[in-house]
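A short write-up of the structure that comes next.
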Amino acid sequence: MCALTDRIDAKLLERCPKLKVAANIAVGYNNIDLAACTARGVMATNTPEVLTDTTADLAFALLLATARRLTEAEAYIRAGLWQGWHLKQLLGVDVHHATLGIIGMGRIGRTIARRAQGFEMRVIYHDPVRQPADVERRLNATYASKDELLAQADFVILQMPYSPQTHHLIGAAELKKMKPSAVLINSTRGGVVDDAALVAALKAGTIRAAGLDVFENEPNLNPGFLQLDNVVLVPHIGSSTEATRRAMAMTAAKNLVAALAGQTPPNLLNPEAKKK
Ligand code: DGY
């Protein structure tokens, strides 16, 4: 069983010639070189489904915390700075009725869209694969090009898996396409955002604020973030509830046991490996 912090690549596989299965305790599996595993007949598995709701909750928590400046407000109280109610104190932006742009409309993206209905948000989304018309209707979500989404959204949530194709999907050029009043939420994977470009954009006011659960080069995040008030930072806790982390561990264990028993693991990512 491995975590998203373990790199399962050709170098490791060479040193573990008897390895049969790498059961990741995560839905994302960019830490696993699937081609290298397949070439050596090593099965790789992940933990989809069990963390969808919990991760969507965290994305929404970050959105609300960033819009309403919760961490900044809490730090202000803890620092003993509060002198009393003030008309213009810690003014945030409204979430209700705002436009939410979701980039990556997989399981978690669709669940976030459902959360957004409760806040009566207008939802637009972008994904290489367009959702069927009945799903769009049910989620009240409208397809948009990436540029349209960046130009229109008050909140942009990233929910694409990390891959070479999504590396720096949001960089300086994309941040410039967003509204100066917009908020960016990254709760998917570090590397989907160019963190240096984001620090520069937050400093310059290119966008209003960001809420981040994931970073490039975790846990050594860009120190520029720590200097800024307009960013909410949490340490990759998207799936971190007691129930969900337990469910993820159990899912990974079931995958592992199935693989060792010669069965097909329920969440096998590379079926070709089993045939070897
Ligand atoms: C995942 O499963 O990919 C999550 O990032 C773990 O928290």
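The values are calculated or read from the model by the stated rules, or taken from the named source; none is laboratory data. It should be emphasised that the depicted structure is a prediction, and the values quoted were computed from it without experimental measurement. When we count neighbours, we look across all protein chains shown, and the Cβ atoms used for this are built from the backbone with ideal geometry, even at glycine. Keep in mind that these areas ignore ligands, DNA and RNA; they rest on the heavy atoms of the full protein, side chains included. Shrake-Rupley method; radii C 1.70, N 1.55, O 1.52, S 1.80 Å.
A count restricted to segment 251-276 and to residues that are of a type in the set (A, V, I, L, M) and without any contact (Cβ under 8 Å) to a residue 40 or more places away in the chain stands at 3. The residues on offer are LYS88, LYS20, and the sole one that is loosely packed, with under 14 Cβ neighbours inside 10 Å and away from the ligand (no atom under 16 Å from the Cβ) is LYS88. Considered as a group, the residues in segment 33-48 that are open to solvent by 10 Å² or more (accessible area, probe 1.4 Å) and not in a loop (DSSP other than H, G, I, E, B) include one that is farthest from the ligand (Cβ to nearest atom), and that residue is ALA39. If you go through segment 175-189 and pick out every residue that is without any contact (Cβ under 8 Å) to a residue 40 or more places away in the chain and surrounded by fewer than 21 Cβ atoms within 10 Å (Cβ to Cβ), you end up with 4. Every test in (1) in contact with a helix residue (DSSP H, G or I) (Cβ under 6 Å, 6 or more places away or on another chain); (2) open to solvent by 70 Å² or more (accessible area, probe 1.4 Å); (3) more than 26 Å from THR166 (Cβ to Cβ) is passed by VAL93 save one, and that test is (2). The set of residues from segment 49-58 being open to solvent by less than 50 Å² (accessible area, probe 1.4 Å) and not in a loop (DSSP other than H, G, I, E, B) comprises THR52, THR54, THR55, ALA56, LEU58. For segment 59-85, a residue qualifies if it is open to solvent by less than 30 Å² (accessible area, probe 1.4 Å) and of a type in the set (Ser, Thr, Tyr), and exactly one does: THR66.
Could you tell me which of the residues THR188, THR206 is within 14 Å of the ligand (Cβ to nearest atom) and β-branched (Val, Ile, Thr)? Of the residues listed, the single one that is within 14 Å of the ligand (Cβ to nearest atom) and β-branched (Val, Ile, Thr) is THR188. The residue that is nearest to PRO161 (Cα to Cα), counting only those in segment 209-257 that are within 14 Å of the ligand (Cβ to nearest atom), among the polar types (S, T, N, Q) and assigned to a loop (DSSP other than H, G, I, E, B), is SER239. Here MET160 meets the list (1) crowded, with 21+ Cβ neighbours inside 10 Å; (2) within 18 Å of LEU202 (Cα to Cα); (3) not aromatic (Phe, Trp, Tyr) almost entirely, failing just condition (2).
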